[in-house]
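Heads up, the thing below is written out as structure tokens.
The values are calculated or read from the model by the stated rules, or taken from the named source; none is laboratory data. All figures in this text were calculated on a predicted structure; none of them were measured in a lab. Because the Cβ atoms are built from the backbone with ideal geometry, glycine has one as well, and the counts that use them run over all protein chains shown.
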Amino acid sequence: MRKITCFGILSEYMSEYLPKHANYVVIEGIYSPCNLVNIPQPKIDGRILYSGTLAERYGIKNLLLAFNLLKNENYSLIICGRGDSEEYVKNMATKDRRIQYLGSIPHDEILQLQRTASLLVNPRTPEGIYTKYSFPSKTMEYLASGTPTLLYELPGIPKEYYHYCYSLNDQSITALAEKVDEVLSLSIEERTKLGEKAQQFILDTKNATIQCTKILELIKRT
């Protein structure tokens, strides 16, 4: 570490462990435009989507419990992925016909589902020290889809991201349910506008050229 003159780190909090006066730049991720599904997809009103690891610590159970509080029959919840909470997800799906569990499906199909949804949710809360030093990879993917996204405010996610999504701090199940309902109650035009802004933000500022340029500029300054 003493011989290294500059660092590329995943979150600002990692700088606390660098040598004093170290030069660094935060590169939380790189988005490849080739991952974008360019074929227009019609939105399905009221459809909520979660795609990712089905782990309790990532909030999947909280999302299901929150959805259970929503009594609007026009809402639906699509879940894709595998993990230690898979059986719990399956059980909840048998109790509520609005919940659909698709298991592990090809990534291109997930991208299409993201674009047809009305809202993408990442229920990971800021509980746990690891949230300071990690950046959920689905954050970029969600925002790049052009579909409105709901996130908890995690310390490892740069604050600029929260200009392009819906967010909450209250970690209660009720608060999550109320926020989902609040977002889906907004006009389609308002939600679409934010989704489009988020997509452009990722494509314009988080592509390989922009992110790698930050590293090259750091090296030049060092």
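Per-structure values
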{"read-out": "Extreme residue, nearest to residue 164 (Cα to Cα), among residues of region 189-212 that are surrounded by 11 or more Cβ atoms within 10 Å (Cβ to Cβ) and of a type in the set (Val, Ile, Thr)", "value": "202"}
{"read-out": "In region 67-95, the residues that are at negative phi and part of a loop (DSSP other than H, G, I, E, B)", "value": "70, 71, 72, 73, 74, 75, 82, 84, 85"}
{"read-out": "Pick from region 98-147, criterion acidic (Asp, Glu) and closer than 21 Å to residue 31 by Cα, ranking: modelled with the lowest pLDDT", "value": "108"}
{"read-out": "Selected residue [assigned to a loop (DSSP other than H, G, I, E, B), under 11 Å from the mean Cα position of the chain (by Cα) and free of Cβ contacts under 8 Å to residues at least 60 places away in the same chain] from 186, 154", "value": "154"}
{"read-out": "When residues of region 92-115 are limited to those that are under 16 Å from the mean Cα position of the chain (by Cα) and not aliphatic (A, V, I, L, M), the one farthest from residue 192 (Cα to Cα)", "value": "107"}
